[in-house]
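Working notes for the structure below.
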Amino acid sequence: MQQRQLLALVLVSLPCTVSAQAAEVAHTLGRLSVTMYLGSTSRGASSGLEEAMRVNGYDEAESRGCDIGGCGFGPVRHPASAFKGNIKQLSVRYRFRRSIGAELLLGEAPAGRTQGFRDSETLDLGYTGSVIAPLISFEIPATRTKPDPIVFSLGVGPAFLRTRWEYLTSENYERDVVNTTSTGAAGAATIGWPFLRIFHLDVSAQYRWFGGSTVRAPRWSLGDRPAHASASHGYLGAGIGVRF
């Protein structure tokens, strides 16, 4: 009688043990994830550069000629800006617990050009850069589906921006290149849809804040005063990730 009771107890507890082990394996499998994003940003430094050009008189219109948008015969208004879309970003996330983790964002910053015109002189400013942001992230299951619920996460942390500025004027055709580093903060809100056990589709909205930067070339400044432009910008992207 005792042997039958012991056998029944083992048979009842076995599924629970296997289920707990499977959940633990799934939890361990999902600790590390890597996601490649493709998205777009807001204008970044171009708004500040345009305002600085207006203040310093680089807002005259050419009767005809070429600008960033192309060539034509009508009046060309200044300042004018163009910036790059399709910004790439890599995310590496490690989950310490079920709701707390760390995320490292490596991506491109807004890139573009701003052009002004004053007294027959064309002024062209180009910029490009990269962003690094280590974040602390907090995950919240958005659904009760098991074993892979849709997950909503919030992250916040410092951010570092490396920018390459390129200056070119039509007056002396001198080109100056300056590299600057800015420190700020970043915040991210991400929602992830798991599929095929180890993959997930992520959509992320971010804001990267940086203080105003003084834009000044070694042998040149914007008019009588240097330009002050903020490189703060928003980012919206989607990507496919893999869990390990």
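Please treat every number below as a calculation from the coordinates, not as lab data. Note that the structure is predicted; figures quoted are calculated from it, not measured.
Stretching Ile198 away from Val156 to a fully extended chain increases their span by 12.6 nm, per 0.36 nm per residue minus the current alpha-carbon distance. Amide H contacts of Asn56: none lie under 5 Å away among residues 5 or more positions distant or on a separate chain (H built 1.01 Å from N in the peptide plane; Pro and chain starts excluded).
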